[in-house]
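Chemist: Handing you this structure, nothing more for now.
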Amino acid sequence: MTEHQLPPGEKWRQFELYALGFRDFAGVRPDVPLDPFRLAGFANLLVIGFDEIKGLSPEVRDHLLGAASEQWSGGACSIPLPDGRKIVILNPNHGRMRTNATLMEEVSHVFLGHKPSRLKVVAETENGQTVSREYRKADEEAAYATGAAALVPFAALRRFVLEGQPSQQIAKHFRVSRELVEYRLKVTRLWRIYRDAHSNK
Ligand SMILES: [Zn+2]
């Protein structure tokens, strides 16, 4: 592996290596978009539509899709189905680009072998409580960072930056949000090169 394939910093190198492993596993080249919905099956996750959730009162539904919609992006249910799969629910308001990052984080938790540290009650319905898994803070960082690296690998990102591509265009290429590309530019220390290339435009 050449020096330009991994970002600086031991921690970020490790995340990158895991992420490249995910892509390898999915048989997806490092410079093309990665579809986390394809990986979800391998991670034993079953993504269901928000409308398929039973037992939500109209008030709770309206709250989750209305006033509280910006406060949740999605997550996996703590109790597996009889066949071992875990249900993942994604916020239908957030659009495919944000959803890709949310689902990729859930896939990362599974592939990285994270164990939930505790359960958190997210909603109470007439049928009981809805609980979600909560991970340790370090595991949350690792899952998000590794998921983001899987979606936007360093080597390809670096090449696009050196070609002078704006973050919007890179985001479109990888089917993620511009915010996610800019997060990747910062954590992989490409931000300065990027900013210098675009400062006079
Ligand atoms: Zn998480």
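Chemist: So Gly95 ticks every box in (1) crowded, with 16+ Cβ neighbours inside 10 Å; (2) within 16 Å of the chain's Cα centre (by Cα) but one. Which box is left unticked?
Modeler: It is condition (1) that Gly95 fails.
Chemist: Might you check whether a residue that is modelled with pLDDT under 90 and within 29 Å of Val152 (Cβ to Cβ) occurs anywhere in the range 50-61?
Modeler: Yes: the range 50-61 contains one or more residues that are modelled with pLDDT under 90 and within 29 Å of Val152 (Cβ to Cβ).
Chemist: Name the one entry in Arg175, Arg189, Arg159, Arg195 that is closer than 27 Å to His94 by Cα and basic (Lys, Arg).
Modeler: The conditions single out Arg175.
Chemist: Examine the range 70-79 for a residue that is more than 17 Å from the chain's Cα centre (by Cα) and on the phi > 0 side of the Ramachandran plot, and state whether such a residue exists.
Modeler: No, the range 70-79 contains no residue that is more than 17 Å from the chain's Cα centre (by Cα) and on the phi > 0 side of the Ramachandran plot.
Chemist: Where in the range 1-97 are there strands (runs of 3 or more DSSP E), lying fully within it, with 1 or more residues that are touching a residue at least 60 places away in the same chain (Cβ under 8 Å)?
Modeler: 45-48
Chemist: Output the number of residues of the range 163-201 satisfying the condition of being part of a loop (DSSP other than H, G, I, E, B), open to solvent by less than 40 Å² (accessible area, probe 1.4 Å) and among the hydroxyl-bearing types (Ser, Thr, Tyr).
Modeler: Selection size over the range 163-201: 2.
Chemist: Got a sec? Which of Ser117, Ser73 is at pLDDT below 90, in contact with a His (Cβ under 8 Å, 6 or more places away or on another chain) and either of a type outside the set (Phe, Trp, Tyr) or away from the ligand (no atom under 16 Å from the Cβ) (or both)?
Modeler: Ser73
The values are calculated or read from the model by the stated rules, or taken from the named source; none is laboratory data. These numbers come from a predicted model, not from an experiment. FYI the Cβ positions are ideal-geometry reconstructions off the backbone, even for glycines, and counts take in every protein chain you see. The protein model used for the area step is the full one, side chains on, heavy atoms only, and it has no ligands, DNA or RNA in it. Shrake-Rupley method; radii C 1.70, N 1.55, O 1.52, S 1.80 Å.
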